[in-house]
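The values are calculated or read from the model by the stated rules, or taken from the named source; none is laboratory data. Just so you know, these numbers come straight off a predicted model, no measurement behind them. Cβ placement follows ideal geometry from the backbone for every residue including glycine, while neighbour counts extend to all protein chains displayed.
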Amino acid sequence: METFRNQAFEGKSFILDQVVFVNCALRNCDLFYAGGDFEWVNTRFEDCRFHWRGAARNTLALLQVIGMLPPPAQPQAVIPPPSSQKLN
């Protein structure tokens, strides 16, 4: 397994399978996981995006179907505030 110790990462991409993070900080990273072994010890994740693949994705889908996890959030439409100008 690849091991990272005492490092900070920003804006990087990692495949989490077969990776160990010890005393690390990841900020604004893309993290891909397919169900393999991993280890995180005293590691912080800030504003990271998780991308599920293969077996991990299938497991999440199963847990959502049987009600153990909520379904994925749907993007919310952004509605602008009403204009303060009056129509004539």
Going through F14, F4 one at a time, which residue ends up being out of contact with any Asp or Glu (no Cβ under 9 Å at 6 or more places or on another chain) and surrounded by 13 or more Cβ atoms within 10 Å (Cβ to Cβ)? F4
From the list D17, D47, which residue is farther than 23 Å from A73 by Cα, without any contact (Cβ under 8 Å) to a residue 60 or more places away in the chain and out of contact with any helix residue (DSSP H, G or I) (no Cβ under 6 Å at 6 or more places or on another chain)? D17
Any residue at all in segment 42-58 that's β-branched (V, I, T) and more than 20 Å from T3 (Cβ to Cβ)? no
Filter segment 17-26 for residues that are surrounded by 16 or more Cβ atoms within 10 Å (Cβ to Cβ) and under 17 Å from D37 (Cα atoms) and give the result. D17, V19, V20, F21
For segment 24-63, which positions are under 14 Å from G11 (Cα atoms) and small (G, A, S)? A25
Residues of segment 2-45 being part of a loop (DSSP other than H, G, I, E, B) and on the phi < 0 side of the Ramachandran plot, in sequence order, are Q7, K12, L16, D17, C24, C29, A34, G36, D37, T43
On the basis of being among the charged types (D, E, K, R), out of contact with any Cys (no Cβ under 9 Å at 6 or more places or on another chain) and at pLDDT 90 or above, does R57 make the cut? yes
